[in-house]
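Working notes, structure below.
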Amino acid sequence: YGQHLINILNAFKYKTSYTATASGGTFGDYSIDVDFTDKGGNFAVWVSGHVHKDMACYVDGILVVSSICDCLSESYPDKVPGTDTEQSFDIFTIDKENHRIFATRIGYGKDREFEYEVF
């Protein structure tokens, strides 16, 4: 399913179309038919969850950013119940003029900043 999402995002970025079908798996049978030809807009970032860590990488030219999980876990011994480190989540702000993305951290962790490419 991940590759279909990447193909849809690339179709949006490059203002093309994408068509696919698949059967079986978690979602059963499905078809995809998107056409972004002559459509407006830019793609800045794919914000992902469920990775359980702060991470940023490029997947097929697409900036993918994930954040640490918002839970108490032995994986994060510095997260202390009842303090401002108990939780962690990000607020994302996009500066479209300078192609910058700011992830402002609330709770455990640090603020982050990224640059994105406009196509």
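Tabulated results
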| quantity | calculated |
| --- | --- |
| Test set (1) at pLDDT 90 or above; (2) open to solvent by less than 70 Å² (accessible area, probe 1.4 Å) - Asp38 fails condition number | (2) |
| Failed item, numbered, when Asp111 is tested on (1) modelled with pLDDT under 95; (2) more than 29 Å from Gln3 (Cα to Cα) | (1) |
| Criterion (touching a residue at least 40 places away in the same chain (Cβ under 8 Å), hydroxyl-bearing (Ser, Thr, Tyr), within 30 Å of Lys110 (Cβ to Cβ) and in contact with a Phe, Trp or Tyr (Cβ under 7 Å, 6 or more places away or on another chain)) met by exactly one of Ser67, Ser88 | Ser67 |
| Residue match in segment 14-23 (condition: at pLDDT below 90 and open to solvent by 40 Å² or more (accessible area, probe 1.4 Å)) | yes |
| Residues of segment 92-109 satisfying the condition of being open to solvent by less than 80 Å² (accessible area, probe 1.4 Å) and part of a loop (DSSP other than H, G, I, E, B) | His99, Tyr108, Gly109 |
| Residue list for segment 48-91, restricted to those being among the aliphatic types (A, V, I, L, M), over 28 Å from Leu5 (Cβ atoms) and open to solvent by less than 30 Å² (accessible area, probe 1.4 Å) | none |
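The values are calculated or read from the model by the stated rules, or taken from the named source; none is laboratory data. Since the model is a prediction, treat every value here as computed from it, not as a measurement. Reconstructed Cβ throughout: ideal geometry from the backbone, glycine too, with neighbour counts over all protein chains shown. Side chains included, ligands, DNA and RNA excluded: accessible areas come from the protein's heavy atoms. Shrake-Rupley method; radii C 1.70, N 1.55, O 1.52, S 1.80 Å.
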